[in-house]
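Below is one structure, written out as structure tokens; comments come after it.
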Amino acid sequence: NNYEQSLEIQKAGLQALYHQCISSMNAESNKRSLIESQLDSGQKGLDVILSLFNTPLRDDRTSMTWLCRLLWVLTSNDDVLKSVSRARYIMENTVAICHANGAHQDSGDLMEAAFGIIANMAHVESNRSILLQLQIVPIILETMDYHPRELPLNQEACSALGNLAGSPDLSAAIYDREGVDLVLNALNDHLETEGLVSEAFRVLVCLSVCVEESKGIIASPKNVQLIVEASSEHQESKTIQEQCCKLLASLSTVGDLNESLVSNGCLDIIFSALEYQASDNILDAACAALRNLCCQSHDSDEMLRRGALKTLIQAMAKNE
């Protein structure tokens, strides 16, 4: 605050605060202290940080990266997030940063941090309508299209989309902007990365539940094979297995899609979950998927031949 004319001092200050909030043994306490602090003049510490959005620092991409990283960390704490009084200001300026930098080739670190802020802010349901008004969905999707190989950026983009897609209007906006294909492309490009696969599955689950038309795209033979491959790649991840089974449970409510699901390996995912997973959430989702397949299919003989009934009974016996 005392050296507003020195960009280097302000940049160094942002870095120092960021590391105090993420690397220190007292990181959580430091976050709260920073949010609650104020100068002798009465100005809040957070207001000093937010004022940097509207200084010459805004034109320096490295400085904005550190600012967004700091705000990303601060908004990751639910209690802190709910106590932030200038949420709209943060969202407006973060969206503006995204809009100005998304197409730049070297903006990956900045966009990752900015999408991290958006993902955190979208945890609060009342913020989602503001983000819809600010047109964040096309910005996220266009940035993913510009940077398909940037793993951290795409992972945070999927995280943001997953939180936004909890609202039907935002799910529709994601679908209308061909978001299904972009998320599937990110899944295909980063299949080996557990964090991205988990976030991508979460987006697909929300879209399949909220936008009926998306199911036909997700359940195409090529995409079903991709989903099965992603699940098989991360068999030890309970989060991914749960999300995958939830996705199959949603897709299988449409009888015309079940032939594609069964013929491209989804039964293996469901049977594996029923036989080897102990998590109640995974078992619930797997049972729902199998029930839907049996009820909606025109011919359930294939499932019976594959041992669906035996596997289901065994799962019930283990969890009685």
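Could you list all residues from the stretch 104-153 that are in a loop (DSSP other than H, G, I, E, B) and not small (Gly, Ala, Ser)?
Hits for the stretch 104-153 are 104, 105, 106, 123, 124, 134, 135, 147, 148, 149, 150.
One residue is enough: does the stretch 210-218 have a residue meeting the conditions among the charged types (D, E, K, R), more than 17 Å from residue 266 (Cα to Cα) and in a helix (DSSP H, G or I)?
no
Which one is farthest from residue 102 (Cα to Cα) among residues in the stretch 153-172 that are of a type outside the set (Gly, Ala, Ser) and open to solvent by 10 Å² or more (accessible area, probe 1.4 Å)?
Among those residues, the one meeting the criterion is 168.
Does the stretch 161-173 contain any residue that is of a type in the set (Ser, Thr, Tyr), over 17 Å from residue 113 (Cβ atoms) and free of Cβ contacts under 8 Å to residues at least 40 places away in the same chain?
no
Give me the residue from the stretch 154-177 that is at pLDDT 95 or above and part of a loop (DSSP other than H, G, I, E, B) and, out of that set, farthest from residue 94 (Cα to Cα).
If we take residues in the stretch 154-177 being at pLDDT 95 or above and part of a loop (DSSP other than H, G, I, E, B), then 177 is farthest from residue 94 (Cα to Cα).
Quick one: which residue in 24, 63, 51 is surrounded by fewer than 17 Cβ atoms within 10 Å (Cβ to Cβ), in contact with a helix residue (DSSP H, G or I) (Cβ under 6 Å, 6 or more places away or on another chain) and either small (Gly, Ala, Ser) or in a helix (DSSP H, G or I) (or both)?
24
Do you know which of the residues in the stretch 202-217 that are in contact with a Leu (Cβ under 6 Å, 6 or more places away or on another chain) and not small (Gly, Ala, Ser) is surrounded by the fewest Cβ atoms within 10 Å (Cβ to Cβ)?
Restricting to residues being in contact with a Leu (Cβ under 6 Å, 6 or more places away or on another chain) and not small (Gly, Ala, Ser), the top hit is 215.
Got at least one residue in the stretch 227-234 being more than 18 Å from residue 293 (Cα to Cα), part of a loop (DSSP other than H, G, I, E, B) and modelled with pLDDT of 95 or more?
Taking every residue of the stretch 227-234 in turn, at least one turns out to be more than 18 Å from residue 293 (Cα to Cα), part of a loop (DSSP other than H, G, I, E, B) and modelled with pLDDT of 95 or more.
For residue 125, are the conditions met, namely being touching a residue at least 12 places away in the same chain (Cβ under 8 Å) and either surrounded by 18 or more Cβ atoms within 10 Å (Cβ to Cβ) or in contact with a strand residue (DSSP E or B) (Cβ under 8 Å, 6 or more places away or on another chain) (or both)?
No, not satisfied.
The values are calculated or read from the model by the stated rules, or taken from the named source; none is laboratory data. Computed from a prediction, not measured in an experiment: that's the story for all the values here. In this analysis, Cβ positions are derived from the backbone assuming ideal geometry, glycine residues included, and neighbour counts consider all displayed protein chains. Surface areas here come from the heavy atoms of the whole protein model, side chains and all, with no ligands, DNA or RNA. Shrake-Rupley method; radii C 1.70, N 1.55, O 1.52, S 1.80 Å.
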